[in-house]
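Colleague: Okay, here's the structure, questions in a sec.
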Amino acid sequence: MKRIWSRSHLFTSLLLILSLLAAACSSTPANQSQGETKPPENTPAQNSPAQQAQSATPADTLFVAINADQGTLDPAVTFDNGAWKITYPTYQRLVEYDGATTEVKPGLAKEWKVSDDGLTWNFTLAEGNTFSDGTPVTADAVKFTFDRTLKIQKGPADVYNVIQEVKVDSPTSVTFVLSQNFPPFLSTLAANYGGIVNPKVMEKEENGDLGQNYLANNTMGSGPYQLTEWRKGEYIKLTLNPHSTVKPAIQNVFFKIVPDATSQRLQLEQGEIDIAEGIPKEQLKAVMAFPNVSVLQEPSLAVDYVYVNSTKGNPALQNPKVRQALSYAVDYEALTSSVQEGFATQMRGPIPKGLWGHDESAHQYKRDVEKAKALLAEAGVSNLKLDLLYSDNKAWWETEALALQSFLADAGVTLNLKKIAYATSREMMDKGEFDLALGVWSPDFGDPYMFMNYWFDSNNLGLAGNRAFYKNDKVDELVRKAASINDKAEREKLYKEAQNIVIDEAPYLYLYQMDFQLPISKQVKGFVFNPMLEGIYNLADMSK
Amino acid sequence: MRQIIAKRLAMLVLVLFGVTLITFFLSHVIPGDPARMMVGQRASEETLQEVRRQLGLDQPVWVQYFTYMKGLLAGDFGDSIRTQQPVINDLITFFPATIELALTAFVIAIVIGIPIGILSAVKKDTGYDHAGRFFSIAGISTPVFWSGLVGILLFYKVFNLLPSSGRIDLMVTPPPTITGLFLLDSLLTGNWAAFSNSLWHLILPACILAFAQLATVTRQVRASMLEVLSQDYIRTALANGIHGPVLLFRYALRNALIPTITVVGLSFGSLLGGAVVTETIFGWPGMGKYVVESIAFLDFPAIMGFTFVISFGYVIINLLVDLTYYALDPQIKE
């Protein structure tokens, strides 16, 4: 009896669920045909997606399609550009990047002074800035923010490890004492991790986490916007900070998660979204033909280059002549026009064009196969076989690897392509287990330090920056000196000298700097691309 | 019956234990360092070590496993490295979306697949049979990323009937969470706007996913129907003047369904795990999309949680399949 009951019970409940869903599905055609003629009467017009697709999006609301959901949004934790597009407009910093330049302008601080030795920076705060809960931004909040970041000790703390102490002089005056002179300091304050956090976050603290758990999902800044809704896997919504003095035209911003590139492209064409971040380069030409869309194109500071393992890889690579030979073997023009569809510029040394310190007179390698062969012969190297390490992290690396393989083959060098999972490839790069490896790099702050000291200082071996495992005492001395003084002209001179050495010794193949491209609806006005803020929108100045 | 369930539940614990063991060690021997992913590439060694310490990655692997299992027994899946949130919260957010999609696709596959299978069997080697088989084989041999895109192109771009991504419109408030299934929740709360809107979003991905599963159902139904129809008792029934729907449904189908249930039930398990591509194409906020993002970030706790939940679902479905088996075939006794 018992058994029969349980059996029939199970069966009935299963049937119940199934019939319910079947009913739901069988109503499908009815609904569909309603959509064909006009939206169902009991549904408000904007509830029908098909309807929305046909009409333009609301003028006070911006729709941005992004590829993936974001991780933590805590400015003291995140090191991910994806998260910065949410945090940058929701926080303010002491100084801000000025328009499209890599220079800074006043932000929360209206003025600042630096001592001659570069160790003391004093900032005077402007009045009237308010966090989204109405709390005014004071010097205490500034001290709280940097103390918190340093206590949390995650990625951003690394940037601020030079800070010895933050002192509050008055509610509108704050002083940073540095342990050593660090000329790019001001520039780091304009980066995302310089965002000032509302000290009231401590009310949300759990198990001594300094509010990390709360800020992972919420924003507590004084920027013109605040995060009001985050439906995981679907969208992130920003609305205005009611207490901000800035009154933007765009009132709501939806960052809509659309992982598939083709979907993004179609939605952009239909006018359902205003900006599509995830359309690959090879599809952009088709997108340019859409009547309602333009593709913005600006030179970026992001570079694509090859690490030539100068100490830990194939022993032949320890000879600068062999590295030069590789540099001469590459056909840079063919590379940029095929791999990047022409939307890229060949590098001239490590510092990209657009950043101060770039040297337009520096030597630029051009393809010269005979010279490459001669250099290899001079070095006494024949039948050179090298491994090229790369991953699927960048879509174009596959083509690039193949192109490099054929260039080097012309000079008699056999390139063995080693495609490895991203995380694993990074581990191998960190340990120096490669001969050649593909990489990209973009600066966190607007200073040549980002290239010269990271790439060449032998204290930064591995993923940290010197991924070629290059060591040259003269270069070490030059870049370290350039990082210890504040005189910009003098620094530029030192970097120039160092650049000449590292171009000649070629521990990297300086391939190209990429163009930033963004398909954006023609309705959207006022977007300014700043190469330091790639993927970040100046929402408050934009309109539709 | 009770005994069987008890026995199977005991097995379930063992299976899940094995799953955690294997996934944990596998994911930890793969080179790659989540701490490195988190601090950014340029962090100094000290910062890296500090973050490793915070995440417990500086401990030996078996200590990490022990800590993880201790948490798991208390229902704690640990914190995601990427989102810094308890993994359980993420799973609760994403699991219902996957269930909703998989279940709907499953139902569509059955509702369409069984009649096609029967028709193919009854009208064996006729035009109907060939058409039915062609349709279902087309489904299984078309990759979802292709049929999905064609679907979007047709129904979103050309006809502009259905949305191309998401689970519900950005402007529509989803129903309050009761089961997490939007269709069910909006029905329960009488929210018709949300119901029609989420149904609207569900149609295309569910049909595409169902299309891919169709062949499993039709081929199985067809084969077992053919087998049953050639049995002696059917001939006896025919001789006794029983024919038409009564013969088909009461005599043949019931017996033909038994092997079908097994195959189809297990295919539901693969639907759960296999919705990954469909979810990515349609921007469906489910577990598949979540785990792809987590794998890219080497987010161990999230990957572990996902595997655990999927294995749990798989084992439970297996159990249900077997139980239905008993219900359908009184001959099978414990």
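Colleague: Give the range B:103-120 a look and list any residue that's crowded, with 22+ Cβ neighbours inside 10 Å, of a type outside the set (A, V, I, L, M, F, W, C) and more than 9 Å from chain A (Cβ to nearest Cβ), or say none.
Modeller: If the condition is that a residue be crowded, with 22+ Cβ neighbours inside 10 Å, of a type outside the set (A, V, I, L, M, F, W, C) and more than 9 Å from chain A (Cβ to nearest Cβ), then B:G113, B:G117, B:S120 are the ones that fit.
Colleague: Could you grab me the full set of residues in the range B:148-175 that are closer than 17 Å to A:Y235 by Cα and within 24 Å of the chain's Cα centre (by Cα)? Give the derivation first.
Modeller: Step one: of the range B:148-175, the residues closer than 17 Å to A:Y235 by Cα are B:163-175.
Passing the criteria: B:P163, B:S164, B:S165, B:G166, B:R167, B:I168, B:D169, B:P174, B:P175.
Let's see how each residue does on (1) more than 21 Å from A:P136 (Cβ to Cβ); (2) within 14 Å of another protein chain (Cβ to nearest Cβ):
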| residue | (1), (2) |
| --- | --- |
| A:T78 | yes, yes |
| A:G82 | yes, yes |
| A:K85 | yes, no |
| A:T90 | no, no |
| A:D98 | yes, no |
| A:T101 | yes, no |
| A:G107 | no, no |
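Colleague: To continue, here is another question. How many residues does the range A:382-408 hold that are outside any loop (DSSP other than H, G, I, E, B) and either surrounded by 17 or more Cβ atoms within 10 Å (Cβ to Cβ) or touching a strand residue (DSSP E or B) at 6+ places or on another chain (Cβ under 6 Å) (or both)?
Modeller: The qualifying residues number 14.
Colleague: Of the residues that sit in the range B:149-160 and are crowded, with 21+ Cβ neighbours inside 10 Å and facing chain A (nearest Cβ under 8 Å), which one is farthest from B:V107 (Cα to Cα)?
Modeller: So, considering only residues that are crowded, with 21+ Cβ neighbours inside 10 Å and facing chain A (nearest Cβ under 8 Å), the one farthest from B:V107 (Cα to Cα) is B:Y156.
Here's the yes/no breakdown for (1) modelled with pLDDT under 95; (2) over 30 Å from the mean Cα position of the chain (by Cα); (3) part of a helix (DSSP H, G or I):
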site	(1), (2), (3)
A:F290	yes, no, no
A:L301	yes, no, no
A:T311	yes, no, no
A:S338	yes, no, yes
A:G380	yes, yes, no
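Colleague: Yes or no: the range A:467-489 includes at least one residue that is within 14 Å of another protein chain (Cβ to nearest Cβ) and either acidic (D, E) or under 26 Å from B:A296 (Cβ atoms) (or both).
Modeller: Yes, because at least one residue in the range A:467-489 is within 14 Å of another protein chain (Cβ to nearest Cβ) and either acidic (D, E) or under 26 Å from B:A296 (Cβ atoms) (or both).
Colleague: In the list B:I178, B:I208, which residue meets the criterion of being part of a loop (DSSP other than H, G, I, E, B) and either under 21 Å from the mean Cα position of the chain (by Cα) or within 27 Å of A:E272 (Cα to Cα) (or both)?
Modeller: B:I178
Colleague: Give the range A:59-101 a look and list any residue that's in contact (Cβ under 8 Å) with a residue 60 or more places away in the chain, in a loop (DSSP other than H, G, I, E, B) and surrounded by fewer than 22 Cβ atoms within 10 Å (Cβ to Cβ), or say none.
Modeller: Answer for the range A:59-101, where residues must be in contact (Cβ under 8 Å) with a residue 60 or more places away in the chain, in a loop (DSSP other than H, G, I, E, B) and surrounded by fewer than 22 Cβ atoms within 10 Å (Cβ to Cβ): A:A59, A:D60, A:N67, A:A68, A:G99, A:A100, A:T101.
Colleague: Can I ask one more? Which of the residues spanning the range B:161-196 are surrounded by fewer than 18 Cβ atoms within 10 Å (Cβ to Cβ) and facing another protein chain (nearest Cβ under 7 Å)?
Modeller: Answer for the range B:161-196, where residues must be surrounded by fewer than 18 Cβ atoms within 10 Å (Cβ to Cβ) and facing another protein chain (nearest Cβ under 7 Å): B:M171, B:W192.
Colleague: Separate question: All but one of (1) within 30 Å of B:N318 (Cβ to Cβ); (2) surrounded by fewer than 16 Cβ atoms within 10 Å (Cβ to Cβ); (3) of a type outside the set (S, T, N, Q); (4) more than 10 Å from chain A (Cβ to nearest Cβ) hold for B:G56; which doesn't?
Modeller: (1)
Colleague: Let me ask something additional. If B:E100 satisfies all but one of (1) in contact with an Asp or Glu (Cβ under 8 Å, 6 or more places away or on another chain); (2) buried (at least 19 other Cβ atoms within 10 Å of the Cβ); (3) assigned to a helix (DSSP H, G or I), what's the number of the condition it fails?
Modeller: Failed condition: (1).
Colleague: Which of the residues that make up the range A:188-205 are assigned to a helix (DSSP H, G or I) and under 15 Å from A:D80 (Cα atoms)?
Modeller: A:N192, A:Y193, A:G194
Colleague: Would the range B:62-84 turn up any residue that is facing another protein chain (nearest Cβ under 10 Å), part of a helix (DSSP H, G or I) and either at pLDDT 85 or above or surrounded by fewer than 18 Cβ atoms within 10 Å (Cβ to Cβ) (or both)? Full working, then the answer.
Modeller: Residues of the range B:62-84 facing another protein chain (nearest Cβ under 10 Å): B:79-84.
This time we only want the ones that are part of a helix (DSSP H, G or I), so: none.
Within the range B:62-84, not a single residue is facing another protein chain (nearest Cβ under 10 Å), part of a helix (DSSP H, G or I) and either at pLDDT 85 or above or surrounded by fewer than 18 Cβ atoms within 10 Å (Cβ to Cβ) (or both).
Colleague: Continuing with the same structure: If only one of B:L298, B:L266, B:L271, B:L320 is within 14 Å of another protein chain (Cβ to nearest Cβ), surrounded by fewer than 20 Cβ atoms within 10 Å (Cβ to Cβ), in contact (Cβ under 8 Å) with a residue 24 or more places away in the chain and out of contact with any Cys (no Cβ under 6 Å at 6 or more places or on another chain), which one is it?
Modeller: B:L320
Colleague: Could you say which residue among B:V246, B:V309 is closer than 30 Å to B:H201 by Cα and more than 14 Å from chain A (Cβ to nearest Cβ)?
Modeller: Only one candidate passes the filter, namely B:V309.
The values are calculated or read from the model by the stated rules, or taken from the named source; none is laboratory data. Predicted model, so just to flag it, every value in this text is computed and none were measured. Positions of Cβ are generated from backbone atoms using ideal geometry, with glycine treated the same way; all protein chains shown enter the neighbour counts.
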